[in-house]
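Undergrad: This is the structure, below, for whatever I ask next.
The values are calculated or read from the model by the stated rules, or taken from the named source; none is laboratory data. Computed from a predicted structure; not experimentally measured. Every residue, glycine among them, receives a Cβ derived from its backbone with ideal geometry; neighbour counts consider all protein chains shown. Calculation scope for accessible area: heavy atoms of the full protein, side chains included, ligands and nucleic acids excluded. Shrake-Rupley method; radii C 1.70, N 1.55, O 1.52, S 1.80 Å.
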Amino acid sequence: MITIKEVNGKRDLKAFIKFPFKLYKDSKYWTPPIISQELKTFDKTENPVFKDADARLFLAYKGDKLVGRVAAIINWLEVKDQHQKKMRFGWFDFVDDLNVSKALLKKVEHIGKTHNLEYTEGPVGFSNLDKVGIITDGYDTITPMVTWYNHPYYIKHYEDAGYVKAKGYIESRFPFSNVKPEFFFKAQELIKRRYKLKALKFSKTEDVMPYTDKMFDLFNETYASLSSFVAITDIQKEYFKKKFISFINPEYIKFVVDKDDALIGFAIVMPGYANALQKAKGKLFPFGFTHILKAKKHSKDVMFYLIGIHPEYQNKGVHAVIFNEYYNTFTEKGIKMCYRTPELEDNLAIQKIWKHFDPEVYRKRSTYKKKL
């Protein structure tokens with residue numbers, strides 16, 4: 001007998017957030033989130049996304065045992081402004097029991113039908129800066145902090161419930177030793193002179209902050225043409241500053257500006273936090289914070305989190321300026337391995353800029369959809 005209970009109150013919310021800690025307790029590759037951050041994600045007084053989105057959280061019980069969870073999400077900016085009548089769902093985890101996953105998905109589908117939406121898609125978050133997709137290939141590598149992990153049996157649960165692949169994503173990596181400066185050093189010097197550009201370097205987080213709003217604006221412009229892109233609102237910018245900027249070594253933030261100091265390119269790289277988060281076990285105190293700070297300063301792995309070029313400067317080689325800056329920083333830091341966050345498999349433009357580094361696709365993931 002499967003019982004579905006809607007999350008109501010802090011006790012239920014903690015159960016919702018901590019469920020994966022039991023589900024993946026024996027996994028070497030699952031990276032636990034920070035529990036306090038997850039709580040804030042679903043706190044309507046903390047996360048401004050709730051000004052434009054609704055979310056209902058559900059827990060699945062088999063008897064008195066918690067066996068699954070799901071977040072049913074409607075992003076009203078997407079539905080009303082973009083006319084994409086999509087019912088989102090995410091944070092979808094479950095034991096290997098088809099009755100459990102089906103019962104949770106039925107709740108999501110019911111909400112979608114109630115609001116006259118046309119299809120469901122997941123797992124996704126509230127926005128394009130949230131985690132996305134289930135792993136479909138490549139389960140034997142630790143997941144970075146910005147992605148979800150899942151057991152291989154998840155695929156059959158989606159398919160059995162009538163879901164089909166919606167979007168495919170790839171995750172790539174390359175050793176830093178693959179990076180040869182001759183591919184970009186001369187080009188970036190020429191590009192800076194031709195377009196009167198300069199690269200900005202940072203050593204302190206407070207020096208980055210005056211540019212962050214411009215960065216999010218450029219992010220919106222850069223990715224506006226991608227499928228299902230939902231722009232970051234002004235009020236969400238402040239939230240993401242608090243959520244992400246503190247995790248980034250300021251030396252790993254690179255901006256390119258024109259002669260008028262207008263931002264035309266940016267990239268954000270995060271230190272590899274996965275091993276530190278496994279040691280922290282979801283808690284910042286008493287010792288989790290120490291592990292994270294150590295990784296922030298000394299991790300030899302890096303994750304290319306975001307890269308954006310103004311539409312007017314795309315295909316003009318601006319990424320060579322950014323790569324040159326990172327080459328100098330990574331050489332100084334002794335970086336060994338570079339990873340890239342999930343990228344749409346049909347986003348050939350972004351894949352093309354990495355080709356000289358001979359990247360290896362080490363993991364694939366997908367979202368799944370179903371007509372309502």
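Undergrad: Between residues in the stretch 1-28 that are closer than 13 Å to G282 by Cβ and residues that are among the hydroxyl-bearing types (S, T, Y), which pairs lie under 7 Å by C-beta distance while being six or more apart or on different chains?
TA: Correct list of pairs: Y24/Y149.
Undergrad: Identify the single condition in (1) under 19 Å from H356 (Cα atoms); (2) over 20 Å from the mean Cα position of the chain (by Cα) that V269 does not satisfy, given that it satisfies every other one.
TA: V269 satisfies every listed condition except (2).
Undergrad: Quick check on I155: is it in contact with a strand residue (DSSP E or B) (Cβ under 7 Å, 6 or more places away or on another chain) and either under 19 Å from L23 (Cα atoms) or not hydroxyl-bearing (S, T, Y) (or both)?
TA: Yes: the conditions hold for I155.
Undergrad: Pick from the stretch 248-259 the residues that are of a type outside the set (A, V, I, L, M) and crowded, with 17+ Cβ neighbours inside 10 Å: which of them is nearest to T41 (Cα to Cα)?
TA: N249
Undergrad: Could you tell me how many of the residues in the stretch 116-153 are over 26 Å from Q278 (Cβ atoms), in a loop (DSSP other than H, G, I, E, B) and more than 16 Å from the chain's Cα centre (by Cα)?
TA: Summing the residues that are over 26 Å from Q278 (Cβ atoms), in a loop (DSSP other than H, G, I, E, B) and more than 16 Å from the chain's Cα centre (by Cα) in the stretch 116-153 gives 3.
Undergrad: Which residues, taken from the stretch 281-297, are among the aromatic types (F, W, Y) and part of a helix (DSSP H, G or I)?
TA: Across the stretch 281-297, the qualifying residue is only F289.
Undergrad: Can you confirm whether the stretch 171-180 contains a residue that is farther than 24 Å from I335 by Cβ, in contact (Cβ under 8 Å) with a residue 60 or more places away in the chain and either buried (at least 17 other Cβ atoms within 10 Å of the Cβ) or acidic (D, E) (or both)?
TA: no
Undergrad: Okay, next question. Just give me the residues in the stretch 278-307 being among the β-branched types (V, I, T) and closer than 21 Å to I35 by Cα, in sequence order.
TA: Within the stretch 278-307, T290, I292 qualify.
Undergrad: For residues that are touching a helix residue (DSSP H, G or I) at 6+ places or on another chain (Cβ under 9 Å) and within 20 Å of K242 (Cα to Cα), scanning just the stretch 18-37, find the one that is most open to solvent (accessible area, probe 1.4 Å).
TA: Q37
Undergrad: Looking at F287 and the list (1) open to solvent by 20 Å² or more (accessible area, probe 1.4 Å); (2) closer than 29 Å to D358 by Cβ; (3) among the aromatic types (F, W, Y), which single condition is not satisfied?
TA: (2)
Undergrad: Got a sec? Which of F255, F244, F266 is within 28 Å of S27 (Cβ to Cβ) and either in contact with a helix residue (DSSP H, G or I) (Cβ under 8 Å, 6 or more places away or on another chain) or among the aromatic types (F, W, Y) (or both)?
TA: After applying the criteria, what remains is F244.
Undergrad: Next question. Which of the residues that make up the stretch 116-128 are in contact (Cβ under 8 Å) with a residue 40 or more places away in the chain and either open to solvent by 10 Å² or more (accessible area, probe 1.4 Å) or closer than 21 Å to G63 by Cβ (or both)?
TA: L117, E118, Y119, V124, S127, N128
Undergrad: Kindly indicate which of A262, A295, A231 is out of contact with any Cys (no Cβ under 9 Å at 6 or more places or on another chain), surrounded by 15 or more Cβ atoms within 10 Å (Cβ to Cβ) and without any contact (Cβ under 8 Å) to a residue 60 or more places away in the chain.
TA: A295
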